[in-house]
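Encoded as structure tokens, the structure appears first; notes follow it.
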Amino acid sequence: MRILVVGGGTGGTIIANNLARRLSAELRTGKVSLTMLSASDRHMYQPGLLYVAFGQMMPDTLYRDQASLLEASIEFHVDPVKHFMLDERRVKTQSDRVFDYDILVIATGSRMVPEEIPGLVEGSETFYSEAGAIKMYKALRNFKGGRVAIVVGVPHKCPIAPVEVTFSLHDYFKTRGIRDKVEIKYHYPINRIHSIENVAKWAKPEFDRMGVAYETLFNLKEVDVQNKVIHSEEDTEYAYDLLISIPAHRGMAVIEENRLGQAGWIPTDRHQLTMEGYDNVYVLGDTTNLPVSKTGSAAHFEAEVIADNIASIVKIGTPVREYDGKVYCFIEAGHDQATYAMFNYLNPPDLKPANKSMHWFKMSYNQMYWSSVRGLL
Amino acid sequence: MSEVKVIDACNTFCPGPLMELITYMKQAQIGDTLELLSTDQGSAADVPEWVEKVGHQMVGSEKIGDVWHIKVRKAK
Amino acid sequence: MTSQIEVSDRPAPPSEPGVGPAELARLSELATLVTAAQDAMSDDIVTRLSAALNEGMILLDRLTRNQALMRLLHTLERAECQNLLEALAEALAATSRDLAKGRAADGGLGGWVRLLRDPDTCETLRLVSVLGSHLSRNLQASRAPDSSSS
């Protein structure tokens with residue numbers, strides 16, 4: 001049986017390593033082969049970018065060589081897929097190599113698309129890339145006071161990021177002793193301050209406590225870079241001195257080019273995590289169109305289910321587990337406190353007050369991530 | 001009278017249906033009516049609030065079976 | 001122990017629900033300890049500790065799942081292997097001392113002949129030859145199942 005994993009991010013790496021562990025005997029005897037195709041030879045711990053943007057982490061600590069994270073029995077190629085031929089059960093890569101498979105896992109992830117809003121690329125700081133996070137930190141450091149606007153496009157990676165960056169901005173300016181010279185205004189596209197209702201309920205009094213202003217139903221139309229004004233689809237505007245953006249995301253271009261899903265999100269069965277219409281194609285992480293957050297933890301829990309199911313298909317010919325929509329998100333509520341949100345398809349999160357121990361748990365997790373992607377945690 | 005353009009946002013979840021409506025509204029002409037189909041309960045409350053803030057016009061909202069049919073006319 | 005119980009003929013008073021002052025004092029002591037520990041910690045310390053723990057876990061995982069290494073450990077548990085390891089370590093230390101003290105080797109045919117006349121050299125060559133024959137036999141044995149199955 002040939003198993004092919006496309007994508008070497010959190011989801012792809014966990015699934016490949018979990019399969020290598022579960023199918024070690026089959027891989028040794030050659031009954032099963034396991035191949036990963038990725039666009040990069042490096043693996044980035046993406047949640048770390050928010051810390052880089054506030055000078056709390058150096059970017060080089062966020063990377064590991066992808067090959068060093070993979071079990072030795074995984075055949076790894078840095079050669080991204082260009083064409084998916086699902087009916088023929090094969091893919092073709094950038095270097096024109098063809099890989100046939102019996103089971104395919106698509107974990108290509110998502111990308112921000114700030115270029116879809118006029119002025120957003122030039123006019124705003126964003127921490128969704130290494131270069132962006134460093135640039136944002138320098139902008140924060142040079143900031144002497146004035147109006148800071150936070151704008152959010154949906155959907156985006158890491159659902160909690162808008163709230164976290166707001167808390168962090170408040171703490172950062174407070175630590176520098178210029179909080180009283182800074183006005184922070186948060187803009188969110190729907191009619192509450194977060195898409196997860198209980199997160200909105202928890203964050204609202206916190207925003208009030210910190211003196212953070214907010215406008216809901218604010219869908220960014222354009223950034224007037226010259227005059228430093230943001231305009232909404234709803235015809236409201238706000239003049240800023242520093243603009244922090246969380247741009248809307250799409251799935252990867254290759255998914256759209258191959259017409260696998262609108263906006264790059266692949267239609268996926270909620271419980272089996274198979275692509276609609278293809279029982280031998282699994283989808284996980286940001287790549288799905290599921291109503292769960294686009295976060296590493298969703299990818300992690302999905303990967304556990306898929307790896308179990310592929311392994312059981314090899315061993316007993318049938319899948320054995322269902323995904324229940326589980327997501328676990330740390331929420332950094334500033335620079336020394338945190339809480340968490342855990343939820344699934346049926347149960348909304350119940351947020352506890354933030355504390356220091358949870359912050360350290362998150363700090364520890366920033367390191368434990370590397371054993372997590374190896375399939376150890 | 002322009003014809004009604006139907007946007008099927010069934011089986012997408014908050015804030016998906018509202019975002020779909022906003023996307024299509026940008027492309028529509030003033031006077032056009034859009035009909036949003038949604039299975040998400042939240043949309044029934046979100047959409048009228050958004051429509052009111054922007055200044056478009058609610059034409060109707062009704063639930064047929066499991067699906068909300070929300071009609072909005074572009075006013076500006 | 002039993003006599004102590006028999007001495008008291010009255011039933012023990014029922015335990016109070018809730019927590020007494022002594023327990024409260026201990027709880028508060030514990031809380032102080034936790035607070036002190038929390039105050040002493042910093043993000044950097046937590047990060048370094050978790051990184052060390054994490055790398056340790058990864059190493060342990062790799063080591064324990066490496067079958068050859070586990071077999072090696074099993075072999076090394078035998079007393080004669082442990083003696084050998086100790087002897088090897090001692091020899092390495094002595095070698096490093098001798099090399100530092102001794103004269104550099106003479107080159108040429110004369111130097112060779114002098115070296116070969118030394119009984120220690122002959123004994124060393126014998127050791128290497130015995131080791132080589134065992135190593136070769138073991139390697140052949142470990143290859144055997146593969147060659148028979150193909």
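Some notes on this structure:
- The distance between label points at C:M41 and A:K144 comes to 4.0 nm (points 7 Å beyond Cα on the Cα→Cβ vector).
- Lysines with Cα under 30 Å of B:K74, excluding same-chain neighbours fewer than 8 positions away: A:K185, A:K221, A:K228, B:K5, B:K26, B:K53, B:K63
- In this entry, region A:113-249 is assigned a mean projected area of 7.6 nm², taken as a quarter of its C-alpha convex hull surface.
- A:G261 sits among other residues whose Cβ lies under 12 Å from its own Cβ, and their net charge, with Lys and Arg +1 and Asp and Glu -1, is -2.
- Gap separating the Cα centres of region A:317-338 and region A:31-83, nearest whole Å: 20 Å
- Remark: mean inter-chain Cβ contacts per residue of A:179-190 equal 1, using a 10 Å Cβ-Cβ cutoff to other protein chain atoms.
- Across chain A, the mean sequence separation of Cα contacts (distance under 8 Å, 6 or more residues apart), normalised by length, yields a relative contact order of 19 percent.
- With a 10 Å cut-off around each Cβ of C:37-47, the average count of Cβ atoms from other chains is 4.
- Of all DSSP beta bridges in chain A, antiparallel share, percent nearest 5: 50 percent
- Per the Kirkwood formula applied to alpha carbons, chain B shows a radius of gyration over Rh ratio, Rg over Rh, of 0.92.
- Loop-located GluC sites (Glu not before Pro) in region A:274-377 (DSSP state not H, G, I, E or B) with no more than 15 neighbouring Cβ atoms inside 10 Å: A:E276, A:E322.
- For A:L376, net neighbour charge (Lys/Arg +1, Asp/Glu -1) across residues whose Cβ lies under 12 Å away: +1
- Alpha-carbon radius of gyration plus Dmax, which is the widest Cα pair, for chain A in Å: 21.3, 67
- This ranking places A:D279, A:D102 by how few other beta-carbon atoms lie within 10 Å of each, fewest first, which gives A:D279, A:D102.
- Shape of region A:260-333, Cα gyration tensor, a/c cut at 1.5: oblate
- For region A:130-185, trypsin sites (Lys or Arg not before Pro) are listed when DSSP marks them as loop and at most 14 other Cβ atoms sit within 10 Å of their Cβ; the list is A:K144.
- Region A:224-258 and region A:154-193 have Cα centres lying 16 Å from one another.
- Counting, for every residue in C:60-66, the Cβ atoms of other protein chains within 10 Å of its Cβ and taking the mean gives 2.
Values quoted throughout were computed directly from the atomic coordinates according to the rules given, and no laboratory measurement underlies them. For clarity, every value in this text was computed on a predicted model and none was experimentally measured. Counting neighbours? That spans all protein chains shown, and the Cβs are built from the backbone with ideal geometry, glycine included.
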